Each structure stands twice: as C-alpha cells, then as structure tokens.
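Q: Structure in structure tokens, see below.
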Amino acid sequence: MDIKNIKKWVKALRSGDYKQARAALHGKKKNSHCCIGVAQVVCKIGTDEEEEIIEDLGIPNPCDVAEELMKLNDKGHKSFSYIAIGSRRISSAKTSR
C-alpha cells in the first residue's frame, strides 16, 4: 500500500482546493474531479481507469473499493470530506499493524 500517496490524496480531498464532479473522473468545470480523479491528479497516476488508479495506490480489492467510492461520490452525493474519512481509515489501518 502506498501510504504516502494515500495521505496526499486524503489531504487533497480535505483541502477544499478541488471542486467535486459527479459521474466522471474530471468534470467540465475547471479543477473539478470525482474523488478518484483527485487521486489521479495529486498522485500523478497515468491511467484513466478508476480501478487501476486505486490499484496503483496499492489498496486491496481495487474493483470493490473503486465501486464503493464511485457510489459515495456519484449516487450518494457524499462530500470529499466525508469520503476522506474512509480513505484515511485505509491508510491508518495499514500503518497501525
């Protein structure tokens, strides 16, 4: 698991620097992204596939995690701050072992 990049992603989600887009990695408005799109940008991940972005972060079960994040972002209309809490737990669980 790439703890450094996950922490960078969580920090970016909480920063307020990114506008939240729905149903697309990158929205039409300037600097708007879905939660996974923010990870792609701040961690400089070179793929446009959600599952591959999560996999590049070294998060287990990338398909399941990507699907859950997309549900929270797109259908659940959860804020980046809300999503960051769950993402932070992923990195904390790994470092506390």
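The values are calculated or read from the model by the stated rules, or taken from the named source; none is laboratory data. Quantities reported herein were computed from a predicted structural model and do not represent experimental measurements. Quick reminder, even Gly has a Cβ in these numbers, built from the backbone with ideal geometry, and neighbours come from all protein chains shown.
Q: Can you list the helices (runs of 4 or more DSSP H) found entirely within the chain that contain at least 3 residues being at pLDDT 95 or above? Let's see the steps before the verdict.
A: On the way: elements: 3-15, 35-42, 50-56, 62-70, 80-95.
In the chain, the matching helices (runs of 4 or more DSSP H) lie at 3-15, 35-42, 50-56.
Q: Next up: If you go through the range 60-79 one residue at a time, how many are among the polar types (S, T, N, Q) and under 13 Å from residue 24 (Cα atoms)? Write out each step before concluding.
A: Of all residues in the range 60-79, those among the polar types (S, T, N, Q) come to 61, 73, 79.
Filter once more, keeping what is under 13 Å from residue 24 (Cα atoms): 73.
The number of residues fulfilling the criteria is 1.
Q: If I filter the range 4-51 down to residues being surrounded by 15 or more Cβ atoms within 10 Å (Cβ to Cβ) and of a type in the set (Val, Ile, Thr), which single residue comes out as farthest from residue 81 (Cα to Cα)?
A: Only one residue tops the list, namely 45.
Q: Follow-up question, since we're still on this one. Go through (1) surrounded by fewer than 20 Cβ atoms within 10 Å (Cβ to Cβ); (2) in contact with a Lys or Arg (Cβ under 6 Å, 6 or more places away or on another chain) one by one and return the number of the condition residue 62 breaks.
A: Evaluating residue 62 over (1) surrounded by fewer than 20 Cβ atoms within 10 Å (Cβ to Cβ); (2) in contact with a Lys or Arg (Cβ under 6 Å, 6 or more places away or on another chain) leaves (2) as the failure.
Q: Turning to a different aspect of this structure: Are any residues in the range 27-63 of a type in the set (Gly, Ala, Ser) and out of contact with any strand residue (DSSP E or B) (no Cβ under 7 Å at 6 or more places or on another chain), and if so, which ones? Give the derivation first.
A: Within the range 27-63, the first condition is being of a type in the set (Gly, Ala, Ser), and the residues that meet it are 27, 32, 37, 39, 46, 58.
39, 46, 58, listed by residue number.
Q: Give the range 48-80 a look and list any residue that's within 15 Å of residue 14 (Cα to Cα) and over 11 Å from the mean Cα position of the chain (by Cα), or say none.
A: 78, 79
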